[in-house]
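The values are calculated or read from the model by the stated rules, or taken from the named source; none is laboratory data. From a predicted model like this one, the values you see are computed outputs, not experimental measurements. Backbone-built Cβ (ideal geometry, glycine too); neighbour counts: all protein chains shown.
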Amino acid sequence: MLNDRHLILGITGSIAACKAPALVRLFIKRGAEVQVIITPAGKEFITPLTLATLSRKAVISDFFSRRDGSWNSHVDLGLWADAMLIAPATASTIGKMANGIADNMLLTTYFACKAPVFVAPAMDLDMYTHPATQANLDKLRAYGNRILEPASGELASGLVGKGRMEEPEAIVQQLDDFFEKQAEGGLQKKKILLTAGPTYEKIDPVRFIGNYSSGKMGFALAEVLAERGAEVQLVSGPVTLKTRHPNIRRIDVESAEEMLAAALREFGDCAAAILCAAVADYRPAETAPQKIKREGQEELELRLKANPDIAATLGARKRPGQILAGFALETEHELSHAEGKLQRKNFDFIVLNSLRDKGAGFRTDTNKITIVDSRGQILAYPLKSKREVAEDIVGKLTSYFQ
Ligand code: CTP
């Protein structure tokens, strides 16, 4: 599955850089093209000549080529890559990646890279367990990077292996598995509609009714679907998140009515839709044309009107073979409420989160879900990052296309 893949291998200044030649050799053996980028500190541990010989490509370290002064384009490299692997990744590089510091060629390439990024940390135990390092790793996970670490266990020496770089064979296998999943997913070129984020319902020109949805779950889903080759139509309410992948077409909306109109336009030729948005159930019956003034009033009544149910509207129009999935965020009687919504909205499956679970729901980087499908299957998952949860949901979706 690595055959003809374009990989960027970023090497930073750790003693584990001595394992980089083994990584390059394994990738080349499996048919990948490898472009090595090394940081100045990385060169203290391993010579570019060794890496260039093994990868059959000049190693990049500087913004300009020393030979002829030509520009090494981090943007072109980022677009060329099918995946980027940073191994070993030092605490310093991880810190810079987490905090937007782009002071060498490896980091600028990382920030410009649209392909999935894998990071294999390597440092001593104290640096690894430091709260700052752990917070930076959490940030990288939240940004969608995959952290590759050895399963915790005892080393032969009796020391716990935390912070030690994952073995080259295991790293190569994980990238291979990633591409295999991508290829077998059956999502290539499939158009998939996603709704995400909250909706804002205007009260007057400066006020609205909204909710706490951050859009994180929907955007994580968009990234995973795009990486598996789907053409994602992401209809998003107001959020501060950015999309990175070129396979994602983003349509920004504000209100439930706008979201419904955009969803209806896209749904017809979609293979599937996942409705992740936290749609406001009601909107003000009238939107005041001017700012509502206080003017001594002690009470103000807002009359609300039901919004359209986007999920039920699409559910009623679903063609045979189209897959429709939704979410349910519940605080009580979780399963029976979710099953009710599954039927009412004609979903093929529903993703249930309970606000009773710590770490689930709005504005978190984690989620804990149960998937209930229309065939009566119920699958409960442990607490995971929203990125990993997105992978589980996409896994469920792909099962319908296999
Ligand atoms: N949904 C939608 N349009 C709406 C309301 C909800 O598309 N107007 C979708 C959501 O995106 C989600 C699912 O329906 O996938 C369930 O949303 P939820 O708000 O839990 O359902 P409601 O039908 O509004 O039920 P209630 O508020 O009574 O729990």
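Just a few scattered comments:
- Matching option when the condition is out of contact with any strand residue (DSSP E or B) (no Cβ under 6 Å at 6 or more places or on another chain), touching a residue at least 60 places away in the same chain (Cβ under 8 Å) and surrounded by fewer than 19 Cβ atoms within 10 Å (Cβ to Cβ), among Pro308, Pro289: Pro289
- The range 270-288: number of residues that are part of a strand (DSSP E or B) and either more than 7 Å from the ligand (Cβ to nearest atom) or outside the structural domain of Pro198 (by TED's automatic domain parsing) (or both): 6
- Residues in the range 106-122 that are touching a strand residue (DSSP E or B) at 6+ places or on another chain (Cβ under 8 Å) and not hydroxyl-bearing (Ser, Thr, Tyr): Leu106, Cys113, Ala115, Pro116, Val117, Phe118, Val119, Ala120, Pro121, Ala122.
- Residues (more than 20 Å from Lys358 (Cα to Cα), within 26 Å of the chain's Cα centre (by Cα) and in a helix (DSSP H, G or I)) located in the range 327-347: Leu342
- Condition met for Leu241 (under 18 Å from Ala278 (Cβ atoms), within 13 Å of the ligand (Cβ to nearest atom) and of a type outside the set (Gly, Ala, Ser)): no
- Lys358 being at pLDDT 95 or above and among the basic types (Lys, Arg): no
- Enumeration of residues in the range 33-51 that are under 33 Å from the mean Cα position of the chain (by Cα) and either exposed (fewer than 15 other Cβ atoms within 10 Å of the Cβ) or on the phi > 0 side of the Ramachandran plot (or both): Pro40
- Test for Ala312: is it at pLDDT 95 or above and in a loop (DSSP other than H, G, I, E, B): no
- Summed over the range 193-212, residues that are crowded, with 24+ Cβ neighbours inside 10 Å and either among the small types (Gly, Ala, Ser) or more than 14 Å from the ligand (Cβ to nearest atom) (or both) total 2.
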